1. Among the residues of region 266-276, are any in contact with a Gly (Cβ under 7 Å, 6 or more places away or on another chain) and either within 29 Å of Leu114 (Cβ to Cβ) or not assigned by TED's automatic domain parsing to the domain that holds Gln79 (or both)?
2. Quick one: which of Lys100, Lys124 is closer than 15 Å to Val258 by Cα and of a type in the set (D, E, K, R)?
3. Only one of these is closer than 21 Å to Pro265 by Cβ and crowded, with 19+ Cβ neighbours inside 10 Å: Ala67, Ala21. Name it.
4. Hand me the list of helices (runs of 4 or more DSSP H) wholly inside region 202-301 holding 2 or more residues that are surrounded by 14 or more Cβ atoms within 10 Å (Cβ to Cβ) and at pLDDT below 95.
5. Might you let me know whether region 33-56 holds any residue that is closer than 15 Å to Leu286 by Cα and not assigned by TED's automatic domain parsing to the domain that holds Gly194?
6. Could you say whether any residue in region 35-53 is touching a residue at least 12 places away in the same chain (Cβ under 8 Å), on the phi < 0 side of the Ramachandran plot, in a loop (DSSP other than H, G, I, E, B) and not aromatic (Phe, Trp, Tyr)?
7. Would you confirm, using the coordinates I've provided, whether Asn40 is among the polar types (S, T, N, Q) and under 12 Å from Pro63 (Cα atoms)?
8. Between residues in region 166-188 that are more than 17 Å from Asp99 (Cβ to Cβ) and residues that are in a loop (DSSP other than H, G, I, E, B) and of a type in the set (Val, Ile, Thr), which pairs lie under 8 Å by C-beta distance while being six or more apart or on different chains?
Amino acid sequence: MKIAMMARNPDLYSHKRLKEAAEQRGHTLDIINTLRCTINIASRKPYIYYNGERLKGYDAVIPRIGASVTFYGLAVLRQFEMDGVYPLNESVAIGRSRDKLRSTQILAREGIGLPVTTFAHDPKQTEAVLKMAGGAPLVIKLLEGTQGLGVVLADTDRSAKSVIEAFRSANVNILVQEFIKEAGGSDIRALVVGGRVVAAMKRSGAEGEFRSNLHRGGNAQTIKLSPEERSTAVRSAKAMGLNVCGVDMLRSDHGPVVMEVNSSPGLEGVEKATGIDITGKIIELLEKNAKRNKTKTRGKG
């Protein structure tokens, strides 16, 4: 197979491991800087140019699109799809997962466990939002945040109100969620590949930090999931339409609740914590499924 990987930094652990796993199995994998692609939107000729040369002959594309370039990255990925190239994750599915509000609504529609979540536009509705979310402590999230950035823990109703009103006065969209105290600053990331959980780890935040992201000094260890947690992860991936993703969950008193479904999960922490060859499983998924024009949406949506 000839595989293209859309990624801006070829030196990241996840990207080097994916390239290594592909080449070990006799495939070719080219790392393509997403922002250096130019798309020619001509009728029935969906060409992509990279550094002035037309990209062609690829069997599959692995989108590793950073959150800051989601808009352009999805445009390039749609062009690959229109050209019949099989995507590891489809553009429509990635778009769903990157929109925190839309993804939460989709998961709620499917009956998947979530923290109580509220959203409003009018700053005058702040009191109602606080009440619906159950009162402080509350987690306030920017819709555009990633890797724990843009997430605030408000310990009192007064501080929550101040943060919400400040964000709304700046015309910034936010979600307000209940704080799952019993999680103790830890969460679970389950890696789903091809409709099944292949690895899971427990991430714990640094001392005094309620966010458990490894980028923010957290640590990881392997964990055994309950049947309910495993089912929740698989159902979440299916609801988003993602073939590969990381599902972040908290253990609450009323069962697992999903915080996020990540379409481009980092693989270093979970591979090192579990010792499982996740990149190999991802390449195996492409080997089984990469056929031309097999994309469900073909760049639509």
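The values are calculated or read from the model by the stated rules, or taken from the named source; none is laboratory data. Only a predicted model underlies this, so the values are computations on that prediction, with no experimental measurement involved. Note that each Cβ is placed from the backbone with ideal geometry, even for glycine, and that neighbours are counted across all protein chains shown.
1. Looking for residues that are in contact with a Gly (Cβ under 7 Å, 6 or more places away or on another chain) and either within 29 Å of Leu114 (Cβ to Cβ) or not assigned by TED's automatic domain parsing to the domain that holds Gln79 (or both), one finds none in region 266-276, hence no.
2. Answer to the check: Lys100.
3. One residue alone meets the criteria, Ala21.
4. 268-274
5. No; the residues of region 33-56 include none that is closer than 15 Å to Leu286 by Cα and not assigned by TED's automatic domain parsing to the domain that holds Gly194.
6. no
7. Answer is no for this residue.
8. Glu178/Val116; Ile188/Ile223
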